[in-house]
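**Q** One structure, as structure tokens, below. Some questions next.
Every read-out reported here was derived from the displayed coordinates using simple, explicitly stated rules and does not represent laboratory data. Since the model is a prediction, treat every value here as computed from it, not as a measurement. Positions of Cβ are generated from backbone atoms using ideal geometry, with glycine treated the same way; all protein chains shown enter the neighbour counts.
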Amino acid sequence: MGTPFISHLEPTRLDGYDRTRPHDQQPARVPRTFCDAMSVREAVFVREQGVPLANEHDPDDARSCHWVTYASVNFTTEPERRHPTTGEVLSRRKSETRTLAIGTLRVVPFPHPPHPLPGGRYVNNVLVLVGDDEYDDEENEKKGADGSGNGNGNGSGSGSTAPSTTTKRPRTRTLSSVDEERQASALPFGTDRPTTYHDGKEPYVKLGRMAVIPEFRGHHIAAQLWRAARRWLEENPAFFNPSVTQLGMDQLKVCTPGAIPKWNGLVCCHAQEGVVKLYRKWGFKVDEGMGRWYEEGIPHVGMFLRLPIQDGTPKV
């Protein structure tokens with residue numbers, strides 16, 4: 001493997017990107033760097049972890065910054081051929097060096113959907129609520145005497161001795177539609193529930209989609225990606241702040257310049273439980289107040305870190 005290098009893609013339009021197709025079947029107008037990022041995400045999240053392809057790309061991709069690590073890799077184009085009897089080399093192995101995307105991450109600007117609910121299950125950004133008061137009773141055809149028929153694994157259908165004529169179907173809410181105005185506008189953000197490291201109001205950026213293809217793990221690729229992203233964030237702290245000149249005070253819905261939202265270095269990560277130790281090495285702390293939830297069937301926890309940007313805000 002040659003010396004890795006990192007490419008950075010700022011927020012860009014991804015018009016025409018078809019989430020049902022893999023990265024190498026996208027229109028030519030989609031930036032190459034983004035398709036390379038998706039090649040890594042498909043290898044890790046789709047093929048390795050079983051996330052449906054259509055669920056991997058989301059609306060946050062177009063408004064996020066992406067970093068992609070590349071390496072020069074030697075590929076065999078023709079294997080060596082030897083005589084089956086004498087072992088004499090008939091033709092030597094031929095190879096060529098190609099540039100391969102091996103890791104990626106993204107940083108999503110504010111605003112964000114509300115913090116995930118503890119114990120909540122999210123599939124394709126849809127929250128399936130599981131509390132008793134969050135269910136609809138619906139008429140159902142009579143089943144067998146055991147009252148089974150709940151095939152989603154969320155309830156106990158076995159062992160019942162009386163027939164049932166109703167089933168409880170969990171309501172679903174799409175994160176992108178829960179608070180569309182909150183995400184589409186610079187303000188208002190709305191008040192989120194406070195957690196251990198977030199007061200529910202302060203703007204934060206979200207680190208996510210961290211992935212390294214299996215063949216290149218153990219070479220500190222993820223750490224190199226985070227260092228590049230962190231350095232850029234520290235050097236460009238106002239990049240995601242809304243512009244009064246472009247949006248105007250009315251659209252921002254603020255009365256004074258001091259009320260304009262400003263990023264003060266707070267970074268959030270929805271971390272898979274299996275990589276919490278890695279994020280801790282980078283200074284992130286588990287936010288116990290956020291609880292534990294599931295994304296695409298994978299348990300996650302919230303973690304926060306405050307970067308020491310120019311205003312001198314103390315670390316978490």
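**Q** What are the ³J(HN,Hα) couplings of region 278-293, residue after residue, when phi is run through the Karplus curve with 6.51, -1.76, 1.60 and θ = phi - 60°? Round to Hz, x for glycine and proline.
**A** For region 278-293, the Karplus-derived couplings read 5, 5, 4, 4, 8, x, 6, 10, 5, 8, 4, x, 7, x, 10, 9 Hz, x marking Gly and Pro.
**Q** Note the full-extension length gain between SER7 and GLN49 as 0.36 nm times their separation in residues minus their Cα-Cα distance, in nm to one decimal. Don't jump to the answer; show the numbers that get you there.
**A** Numbers: separation 42, 0.36 × 42 = 15.12 nm, distance 2.51 nm.
Stretched out fully, the SER7 to GLN49 stretch lengthens by 12.6 nm.
**Q** Could you give each residue of region 221-231 its phi-based ³J(HN,Hα) in whole Hz, using Karplus coefficients 6.51, -1.76, 1.60 with θ = phi - 60°, and x for Gly or Pro?
**A** These are the phi-based 3J(HN,Hα) values: 5, 4, 5, 5, 4, 5, 4, 5, 5, 4, 4 Hz.
**Q** Another question, if that's okay. Show me, for region 79-94, the HN-Hα J-couplings you get by feeding each phi into the Karplus relation (A = 6.51, B = -1.76, C = 1.60, θ = phi - 60°), rounded to Hz, glycine and proline as x.
**A** x, 5, 10, 10, 5, x, 9, 8, x, 5, 6, 8, 8, 7, 5, 10
**Q** If you take the beta carbon distance between GLN310 and ARG93 as r and set R0 to 45 Å, what does 1/(1 + (r/R0)^6) give as a FRET efficiency, to the nearest 0.05?
**A** Details: r = 54 Å, r/R0 = 1.20.
Efficiency, rounded to the nearest 0.05: 0.25.
**Q** Now for a separate question. What distance in nm separates the two pseudo spin-label positions at ASN264 and ASP199, each 7 Å out from Cα along the beta-carbon direction?
**A** Taking the two extended label points, one gets 0.6 nm.
**Q** Turning to a different aspect of this structure: List the residues whose amide H sits under 5 Å from the amide H of MET210, counting only those 5 or more places along or on another chain, with H placed 1.01 Å from N in the peptide plane.
**A** Amide H to amide H, under 5 Å and 5 or more residues apart or across chains, MET210 pairs with ARG106.
**Q** Multiply the residue gap between VAL126 and GLU234 by 0.36 nm, knock off their C-alpha separation, and tell me the result in nm, one decimal place. Numbers along the way, then the final one.
**A** Values: separation 108, 0.36 × 108 = 38.88 nm, distance 3.27 nm.
Additional length available on full extension: 35.6 nm.
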